[in-house]
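Everything on this sheet refers to the single structure shown next.
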Amino acid sequence: MLLMSRRARLQAALLLLAALAAIISASDLRGAQEQHGSPAQSAPAPNKPAEYVGSSTCQGCHEDIFKTFQTSPHEKLETDKKREWETKACESCHGPGSRHAESLSAADIIQPAKLKPAANDKLCLTCHLNQPTHAGRLNSSHVRNQVSCSSCHFIHKDNGNGLVARKLADINVQCAKCHTDVWTSFRRPFKHPVPEGAMSCVDCHNPHGGVIARGMLQTANANEPGCFKCHGDKRGPFVFEHAPVKTEPCSTCHEPHGSANPWMLTRAQVRFVCLECHASLPGPTLAANATLGSIPPALHDLRSPRFQQCTLCHQKVHGSYVDRDLFK
Ligand code: HEC
Ligand code: HEC
Ligand code: HEC
Ligand code: HEC
Ligand code: HEC
Ligand code: HEC
Ligand code: HEC
Ligand code: HEC
Ligand code: HEC
Ligand code: HEC
């Protein structure tokens, strides 16, 4: 007897898995709606396959969720004929619910948050694919590290208002929950005003992935650094470019999250930033094997305090309209 019932349970479980797989793997959920019976019908099933019962059935037992759903953006599914989930929106994500409505068992209904991250993403993307927010999504560090849609979007939270974090401070809290190390770097003395809630992580990062997959960075005008959205004066084009500002990321010289150094520089003093590259460049008037400033009395005698503040003279370190040596 015990064996029998175990097998029956196993069968039921397998059946459910098959039905689940059919729903998830169908490239279009609506497709699944039409053929939901087929995989189960071919098996010698003791139970009928689950069917769509409509949201009003769910309401019977999940009154609170049903009510709050009315204010959710997903309520459109319930009312909009064109989307083909009219009157059965709940089942657009949870799958056909007749079995669950009879058994009341959690095993008989899809709970998207319990799906594997890839399956969770796929479910949401049946409808959200190709939205502009997802450019590069499938190439992002989040998707490669099992951070699914349901890690950041909560369909039923706070009367549906928890679906998307919109307030800057709320977004930051959400990101900080996992990126505690990054959050602490915003405690440094020179930083972007993120902890104050005047900016958010999403000003610089696209959590869904970016055109440039590395760093999931936001871009301005197609593929320029997103920094230009706010620091447009650094964009140029300048008559005299400073090569690294054009060819390297801003983070070559700056720590964009926060730094102990003024101007969020990577080094405590400006000259050490410059000397990372320029120390090894031969000066024009020096011997070919010499390095800039290394041989007194060269123009740049670095022992002399006069030359230590590079940007006192080379003021236009991001590029100049008038001066080849970036003086003004
Ligand atoms: C007759 C009452 C009843 C009806 C009708 C009903 N449910 Fe449930 N539902 C329950 C109960 C009871 C649980 C808790 C099951 C458990 O925790 O074992 C539950 C749990 C769930 C869960 C959570 C499953 C999990 O893994 O945690 C989801 C999702 C769900 N129901 C969705 C629906 C949807 C969608 C419908 C309509 C198609 C629906 N329910 C209809 C009683 C019902
Ligand atoms: C857009 C997809 C989607 C729609 C539509 C949807 N749900 Fe959900 N539901 C989810 C996800 C995802 C979860 C997991 C928790 C979360 O992320 O909010 C969930 C969780 C649940 C739970 C479990 C809650 C818990 O605390 O364990 C129930 C019950 C439920 N939904 C019922 C419903 C009902 C009833 C409807 C229709 C009124 C509905 N859902 C419509 C995606 C959806
Ligand atoms: C059956 C189709 C469908 C599925 C499946 C679906 N959504 Fe949606 N989603 C919609 C529709 C329709 C809207 C309303 C906005 C619109 O018109 O595009 C929406 C809106 C949203 C929004 C934006 C809300 C806003 O305020 O702009 C988010 C975020 C979202 N869905 C997340 C999810 C997540 C996460 C999942 C997977 C758990 C999911 N959706 C599954 C159809 C769907
Ligand atoms: C790491 C967290 C995170 C993940 C993972 C994530 N999102 Fe988002 N999503 C956000 C944030 C934050 C916003 C709000 C962005 C803003 O206001 O600029 C957002 C916005 C949205 C919007 C609204 C778009 C708009 O322009 O208003 C939709 C739709 C959406 N996400 C769907 C999804 C789907 C589908 C997935 C899974 C494939 C997903 N998201 C994965 C954090 C995330
Ligand atoms: C559920 C946890 C979680 C949440 C929430 C989360 N992330 Fe992530 N994030 C990760 C993991 C895991 C990785 C990959 C490992 C790593 O680089 O730390 C990652 C990686 C990243 C990366 C590095 C990309 C790269 O190519 O190096 C950025 C940028 C990022 N997340 C930004 C965000 C932003 C912005 C938010 C808020 C909208 C956010 N994350 C929310 C878990 C999370
Ligand atoms: C001013 C723009 C800006 C803001 C605001 C910002 N970031 Fe970044 N972040 C960057 C840049 C640029 C990089 C790439 C640095 C590099 O090239 O190594 C980066 C790198 C990262 C990385 C991967 C490397 C690392 O340092 O771990 C993560 C994760 C990350 N950011 C998360 C966040 C989170 C979470 C927030 C909000 C609390 C945030 N960022 C706010 C610009 C920003
Ligand atoms: C959403 C707008 C915004 C974006 C995007 C942005 N910044 Fe900023 N940035 C600011 C604001 C506002 C301040 C002034 C902060 C303050 O005074 O507290 C600032 C200050 C700075 C400073 C320091 C200025 C000083 O006087 O100390 C540097 C360096 C900087 N940003 C670099 C960057 C880099 C690099 C990026 C891209 C990775 C970037 N910013 C993206 C808004 C932005
Ligand atoms: C070659 C190193 C280097 C690179 C690359 C660089 N910066 Fe700077 N940046 C500096 C230095 C040095 C200062 C301090 C200027 C001073 O001493 O007057 C500075 C200052 C700043 C300031 C604050 C003062 C001001 O002029 O507004 C901002 C904002 C800034 N940088 C943004 C950026 C952005 C955006 C990028 C990428 C497009 C970038 N920087 C790339 C070296 C660099
Ligand atoms: C990441 C490497 C890098 C850093 C850091 C850097 N530079 Fe440069 N710089 C270059 C390169 C490459 C050139 C172009 C050299 C060439 O065209 O021969 C250049 C050119 C210049 C020139 C113009 C030379 C000419 O053609 O007359 C000046 C002046 C200059 N840098 C000053 C600075 C100062 C001041 C700093 C520190 C704030 C700095 N650089 C930091 C790489 C760097
Ligand atoms: C007192 C003003 C002053 C200071 C401070 C200064 N420079 Fe210069 N720099 C000059 C002058 C003048 C030239 C030569 C211009 C010429 O001959 O065309 C020059 C030329 C350069 C050049 C271009 C060399 C070439 O190949 O043409 C570089 C690179 C440079 N300086 C880097 C630096 C660095 C790095 C620092 C800080 C360690 C620094 N400068 C500090 C005045 C200064």
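The values are calculated or read from the model by the stated rules, or taken from the named source; none is laboratory data. Everything numeric here is computed off the predicted structure, so don't read it as measured data. Here the Cβ is made from the backbone with ideal geometry for all residues, glycine too, and neighbour counts use every protein chain on show.
Some observations on this one:
- A single member of Ile110, Ile171, Ile155 is over 30 Å from Ala268 (Cα atoms), of a type in the set (A, V, I, L, M) and near ligand 6 (Cβ under 10 Å from one of its atoms), and it is Ile171.
- The set of residues in the range 114-124 being within 18 Å of the chain's Cα centre (by Cα), free of Cβ contacts under 8 Å to residues at least 60 places away in the same chain and under 15 Å from Cys93 (Cβ atoms) consists of Asn120, Asp121, Cys124.
- Hits in the range 144-158 - residues which are part of a helix (DSSP H, G or I) and either among the polar types (S, T, N, Q) or within 13 Å of Asn120 (Cα to Cα) (or both): Cys149, Ser150, Ser151, Cys152
- Residues that are surrounded by 14 or more Cβ atoms within 10 Å (Cβ to Cβ) and away from ligand 5 (no atom under 16 Å from the Cβ), drawn from the range 195-236: Ala220, Phe228, Lys234, Arg235, Gly236
- Some residue of the range 206-224 being within 9 Å of ligand 8 (Cβ to nearest atom), without any contact (Cβ under 8 Å) to a residue 40 or more places away in the chain, charged (D, E, K, R) and assigned to a loop (DSSP other than H, G, I, E, B): no
- Residues (within 26 Å of Thr133 (Cα to Cα) and within 13 Å of ligand 7 (Cβ to nearest atom)) located in the range 222-247: Glu224, Pro225, Gly226, Cys227, Phe228, Lys229, Cys230, His231, Gly232, Arg235
- Test: Thr68 is of a type outside the set (A, V, I, L, M), in contact (Cβ under 8 Å) with a residue 60 or more places away in the chain and closer than 20 Å to Cys178 by Cβ: no
- Considering the range 159-171, and only residues there that are touching a helix residue (DSSP H, G or I) at 6+ places or on another chain (Cβ under 6 Å) and part of a helix (DSSP H, G or I), the residue that is surrounded by the most Cβ atoms within 10 Å (Cβ to Cβ) turns out to be Ile171.
- Qualifying residue in the range 107-126 (condition: at pLDDT 95 or above and polar (S, T, N, Q)): yes
- Residue that is nearest to the chain's Cα centre (by Cα), among those in the range 253-284 that are part of a helix (DSSP H, G or I) and over 22 Å from Asp323 (Cβ atoms): Met264
- Restricting the range 130-143 to residues that are surrounded by 14 or more Cβ atoms within 10 Å (Cβ to Cβ) and in a loop (DSSP other than H, G, I, E, B), the residue that is modelled with the highest pLDDT: Ser140
- Residue match in the range 167-186 (condition: small (Gly, Ala, Ser), more than 16 Å from ligand 8 (Cβ to nearest atom) and under 17 Å from the mean Cα position of the chain (by Cα)): yes
Yes/no per residue for (1) surrounded by 15 or more Cβ atoms within 10 Å (Cβ to Cβ); (2) in contact with a strand residue (DSSP E or B) (Cβ under 7 Å, 6 or more places away or on another chain); (3) assigned to a loop (DSSP other than H, G, I, E, B); (4) of a type outside the set (A, V, I, L, M):
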site: Thr71; (1), (2), (3), (4): no, no, yes, yes
site: Lys76; (1), (2), (3), (4): no, no, no, yes
site: Glu91; (1), (2), (3), (4): yes, no, no, yes
site: Ala107; (1), (2), (3), (4): no, no, no, no
site: Ala118; (1), (2), (3), (4): no, no, no, no
